[in-house]
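**Student:** My questions will all concern the structure given below.
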Amino acid sequence: MIRVRRVYDPPEAADGLRILVDRLWPRGLAKQAAHLDVWARDLAPSPALRRWFGHDPARWSEFQRRYRLELQENAAALAALRARIGGGTATLLTATRDAGHSHAHVLEAVLRDSPQP
């Protein structure tokens, strides 16, 4: 099971493996308070893509397409994360305010749709 939550939300027992999927460290959050197991910054959107998107809902469809292409180009990091999760429970964490238009949801879908090793 993979789910998405904001990194600022308190940890829950049901989180399983807690994975930060942002390239930048979340503002105002102490590293100890994040309770992370993995920081997968290499799987975050590139700085250029993040700037282009600007969390503009009108660009969401195109952002998803471009981000999926970036993930395909980063197959080794994606495979490593998939192996780390295995068949267990994982929570992808992001500081994104608009959870509905977050790259973490795209990554979640990619991880769910991809075959396990």
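Please treat every number below as a calculation from the coordinates, not as lab data. All values reported here derive from a predicted model rather than from experimental measurement. Here Cβ is always computed from backbone atoms with ideal geometry, including for glycine, and neighbour counts include all displayed protein chains.
**Student:** Being among the aromatic types (Phe, Trp, Tyr) and over 27 Å from GLU12 (Cα atoms), is that true of even one residue in the stretch 26-45?
**Tutor:** No, every residue in the stretch 26-45 fails to be among the aromatic types (Phe, Trp, Tyr) and over 27 Å from GLU12 (Cα atoms).
**Student:** Could you look through the stretch 6-20, keep only residues that are in a loop (DSSP other than H, G, I, E, B) and not β-branched (Val, Ile, Thr), and pick out the one that is farthest from PRO47 (Cα to Cα)?
**Tutor:** Going through the qualifying residues, I end up with GLU12.
**Student:** Tell me, yes or no, whether the stretch 35-47 has at least one residue that is touching a helix residue (DSSP H, G or I) at 6+ places or on another chain (Cβ under 6 Å), within 13 Å of LEU107 (Cβ to Cβ), in a helix (DSSP H, G or I) and hydrophobic (A, V, I, L, M, F, W, C).
**Tutor:** yes
**Student:** Right, another one. Looking at the stretch 41-49, is at least one residue of a type outside the set (D, E, K, R) and more than 16 Å from the chain's Cα centre (by Cα)?
**Tutor:** yes
**Student:** Across the stretch 69-85, what is the number of residues that are assigned to a helix (DSSP H, G or I) and in contact (Cβ under 8 Å) with a residue 24 or more places away in the chain?
**Tutor:** Number of matching residues: 10.
**Student:** If you go through the stretch 57-79 one residue at a time, do you hit one that is more than 23 Å from ASP98 (Cβ to Cβ) and either surrounded by 18 or more Cβ atoms within 10 Å (Cβ to Cβ) or of a type in the set (Phe, Trp, Tyr) (or both)?
**Tutor:** yes
**Student:** Specify which of the listed residues (ARG27, ARG23, ARG66) is in contact with a helix residue (DSSP H, G or I) (Cβ under 6 Å, 6 or more places away or on another chain), assigned to a loop (DSSP other than H, G, I, E, B) and in contact (Cβ under 8 Å) with a residue 12 or more places away in the chain.
**Tutor:** Residue meeting the stated conditions: ARG23.
**Student:** Here's something else I'd like to know. Scanning the stretch 25-40 for residues that are of a type in the set (Gly, Ala, Ser) and within 16 Å of the chain's Cα centre (by Cα), which turns out surrounded by the most Cβ atoms within 10 Å (Cβ to Cβ)?
**Tutor:** ALA40
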